[in-house]
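The structure that follows is given in the form of structure tokens.
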Amino acid sequence: MSLIQTFAALRPTAEYAAAVAAPPYDVLSTAEARQLVAGRPWSFLHISRAEVDLPETTDPYAPEVYAQARANLERMLAAGVLVRDSEPGYSVYRLTWGAHVQTGCVVAASIAAYDAGRIKKHELTRPTKEADRVRQIEALNAQTGPVLLVHRATPEIDATLAALADAHAPDYDLTAPGGVRHQLWRITERAVIEQLTQAFERLDSLYIADGHHRSAAASRVAALRHDPTAGFLAVTFPHDQLSILDYNRLVRDLNGLAPHSFVQQVATRCTVEPVTAPLAPERAGVVGMYQAGQWYRLTLAEQSEQSADPVAALDVSRLQHQILGPLLGISDPRRDERLECVGGIRGLAGLTERVDSGEMAVAFALYPTSVAELMAVADQGAIMPPKSTWFEPKLADGLVSLLFSGHEAETS
């Protein structure tokens with residue numbers, strides 16, 4: 001089984017692409033999704049967050065939500081807004097965000113390779129979220145949210161994709177709110193498809209960057225259907241083109257400590273320096289802390305096991321082991337409701353505002369985890385702490401979907 005496979009993609013027609021394209025389902029609250037679909041009948045959020053078409057009291061995991069998603073998919077198929085490619089292939093997907101450009105390949109990633117550990121994970125999944133994606137796939141008989149994969153930069157692959165994009169006008173070219181430009185090119189030439197398939201096959205592995213619940217759910221559905229040839233929808237980018245932002249921490253209380261006592265306790269575990277402006281760490285090992293109207297520069301203590309354990313070397317692990325656990329009593333960051341993680345896309349203001357309002361007691365601004373650190377953890381079969389990476393820019397939902405066998409759809 002090849003590491004990647006072609007597939008006949010389900011896409012919007014060119015005239016509807018901008019109307020269909022939507023943010024990933026898991027970066028929005030239901031309230032935000034309801035606002036975004038107002039006046040947009042073809043937004044893919046009607047499929048990915050179908051509770052927007054049901055009463056506001058509806059549980060997002062209720063059976064009627066998945067039934068509504070299926071009905072909305074059938075409506076968009078019947079209207080000709082979404083059509084299926086006439087033959088299988090790959091696509092080039094380019095994201096441009098200011099000066100940042102990354103060019104990847106849309107594929108069906110082999111579930112057999114995923115199950116065998118050749119497509120590597122670095123996070124655990126939450127049962128509720130994984131079950132939600134299983135029910136969504138089964139209701140639609142399709143996977144509609146692409147998994148973000150990363151491959152080690154390879155001249156043959158990356159130059160081929162760039163050349164394809166540079167030589168032709170894109171099938172889609174749209175700029176989403178927030179300024180991210182999305183461009184896609186179909187790859188239909190048999191010789192180029194075979195070249196890419198073989199080039200990927202020569203790689204040792206692929207890595208899941210974002211989308212652990214989507215890939216795990218696709219694997220479960222394939223197992224239920226006894227389909228050893230199934231793939232999951234993915235876009236893979238070279239490791240040297242991905243951008244990871246910081247993923248910061250907010251804690252609701254100080255675990256019974258007074259503000260000044262908390263700072264004193266922190267100073268017994270790492271170096272603490274008051275600073276006069278909000279602090280975005282300039283390197284690994286430095287953390288910005290905001291509490292009681294004051295920013296501090298923390299220099300975390302080194303850990304002797306860092307060289308042998310790539311998980312212990314992460315700043316998110318060091319913060320957990322030195323401060324969050326022993327001082328704030330957060331023993332299980334995956335489940336403790338006193339802890340909240342905030343993507344760096346919201347900036348430092350997303351931290352100070354929450355503390356100043358009294359909602360949160362302390363904030364920690366972290367240096368971003370690197371792609372190299374992610375791959376090192378995955379190579380050892382280890383698991384990162386929850387919410388260690390925040391990737392930007394995000395892929396769009398709706399521009400390409402993968403229909404499972406047995407789904408009838410019109411072809412373009």
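Just one of PRO88, PRO55 is over 20 Å from LYS394 (Cβ atoms), more than 25 Å from the chain's Cα centre (by Cα) and in contact (Cβ under 8 Å) with a residue 24 or more places away in the chain; which is it? Step through it out loud before you land on a result.
Values: PRO55 fails: in contact (Cβ under 8 Å) with a residue 24 or more places away in the chain.
Going through PRO88, PRO55 in turn, the sole match is PRO88.
The conditions are (1) closer than 28 Å to ILE157 by Cβ; (2) out of contact with any Asp or Glu (no Cβ under 7 Å at 6 or more places or on another chain); (3) modelled with pLDDT under 95, and PRO24 fails exactly one of them. Which is it?
Of (1) closer than 28 Å to ILE157 by Cβ; (2) out of contact with any Asp or Glu (no Cβ under 7 Å at 6 or more places or on another chain); (3) modelled with pLDDT under 95, only one is false for PRO24: (2).
Would it be correct to say that LEU124 is buried (at least 18 other Cβ atoms within 10 Å of the Cβ), aliphatic (A, V, I, L, M) and either assigned by TED's automatic domain parsing to the domain that holds THR13 or over 19 Å from ALA21 (Cα atoms) (or both)? Give the derivation first.
On the way: buried (at least 18 other Cβ atoms within 10 Å of the Cβ): no; aliphatic (A, V, I, L, M): yes; either assigned by TED's automatic domain parsing to the domain that holds THR13 or over 19 Å from ALA21 (Cα atoms) (or both): yes.
For LEU124, the condition - buried (at least 18 other Cβ atoms within 10 Å of the Cβ), aliphatic (A, V, I, L, M) and either assigned by TED's automatic domain parsing to the domain that holds THR13 or over 19 Å from ALA21 (Cα atoms) (or both) - is not met.
If you don't mind, another one. Check every one of the helices (runs of 4 or more DSSP H) wholly within the range 307-412 and list those with 1 or more residues that are more than 30 Å from GLY104 (Cα to Cα) and in contact with a Ser or Thr (Cβ under 9 Å, 6 or more places away or on another chain). Talk me through it step by step, then tell me what you get.
Numbers: elements: 315-319, 349-356, 371-379.
In the range 307-412, 315-319 are the helices (runs of 4 or more DSSP H) which contain 1 or more residues that are more than 30 Å from GLY104 (Cα to Cα) and in contact with a Ser or Thr (Cβ under 9 Å, 6 or more places away or on another chain).
In addition: I'm trying to understand the selection: among the residues of the range 377-391, which are in contact with a Phe, Trp or Tyr (Cβ under 9 Å, 6 or more places away or on another chain) and farther than 18 Å from HIS239 by Cα? Spell out how you get there, then give the answer.
The initial filter retains those residues of the range 377-391 that are in contact with a Phe, Trp or Tyr (Cβ under 9 Å, 6 or more places away or on another chain), namely 378-379, 387-390.
Residue satisfying the conditions is LYS387 alone.
Go through the range 254-295 residue by residue and tally those that are under 15 Å from GLN322 (Cβ atoms) and of a type in the set (Ser, Thr, Tyr).
2
Moving on. Mind listing whichever residues of the range 145-163 are among the polar types (S, T, N, Q) and within 23 Å of the chain's Cα centre (by Cα)?
If we filter the range 145-163 for residues that are among the polar types (S, T, N, Q), which is where we start, we get 154, 160.
Scanning the range 145-163 gives a single hit, THR154.
Considering each residue of the range 349-401, count those that are more than 24 Å from ARG126 (Cβ to Cβ) and β-branched (Val, Ile, Thr), and give that number.
4
Could you tell me whether GLU353 is in contact with a strand residue (DSSP E or B) (Cβ under 7 Å, 6 or more places away or on another chain) and surrounded by 14 or more Cβ atoms within 10 Å (Cβ to Cβ)? Give the derivation first.
Working: in contact with a strand residue (DSSP E or B) (Cβ under 7 Å, 6 or more places away or on another chain): no; surrounded by 14 or more Cβ atoms within 10 Å (Cβ to Cβ): yes.
So GLU353 does not fit the description; no.
Whether any residue in the range 315-329 is surrounded by fewer than 15 Cβ atoms within 10 Å (Cβ to Cβ), touching a residue at least 12 places away in the same chain (Cβ under 8 Å) and basic (Lys, Arg) is what I want to check.
No; the residues of the range 315-329 include none that is surrounded by fewer than 15 Cβ atoms within 10 Å (Cβ to Cβ), touching a residue at least 12 places away in the same chain (Cβ under 8 Å) and basic (Lys, Arg).
Can you spot a residue in the range 173-188 that is over 30 Å from ARG49 (Cα atoms) and modelled with pLDDT under 95?
Step one: filter the range 173-188 for residues over 30 Å from ARG49 (Cα atoms), giving 188.
With the extra rule that they be modelled with pLDDT under 95, the set shrinks to 188.
Looking for residues that are over 30 Å from ARG49 (Cα atoms) and modelled with pLDDT under 95, one finds at least one in the range 173-188, hence yes.
Hey, does the range 61-76 have a residue that's at pLDDT 95 or above and acidic (Asp, Glu)?
yes
From the residues in the range 3-18 that are in contact (Cβ under 8 Å) with a residue 40 or more places away in the chain and part of a helix (DSSP H, G or I), which one is surrounded by the most Cβ atoms within 10 Å (Cβ to Cβ)? Can you show your working first?
To start, the set of residues in the range 3-18 that are in contact (Cβ under 8 Å) with a residue 40 or more places away in the chain comprises 3-14, 16-18.
From what's left, part of a helix (DSSP H, G or I): 14, 16-18.
Numbers: ALA14: 13, TYR16: 18, ALA17: 21, ALA18: 16.
Among them, the one singled out is ALA17.
Listed residues THR154, THR96, THR125; which is farther than 15 Å from TYR207 by Cβ and modelled with pLDDT of 95 or more? I'd like the intermediate steps shown before the answer.
Working: THR154 fails: farther than 15 Å from TYR207 by Cβ; THR125 fails: modelled with pLDDT of 95 or more.
The match here is THR96.
Give VAL272, VAL266, VAL287 a once-over and let me know the one that is more than 31 Å from the chain's Cα centre (by Cα) and assigned to a strand (DSSP E or B).
Numbers: VAL266 fails: assigned to a strand (DSSP E or B); VAL287 fails: more than 31 Å from the chain's Cα centre (by Cα).
Only one candidate qualifies: VAL272.
The values are calculated or read from the model by the stated rules, or taken from the named source; none is laboratory data. For clarity, every value in this text was computed on a predicted model and none was experimentally measured. Virtual Cβ from ideal backbone geometry, glycine too; neighbours counted across all protein chains shown.
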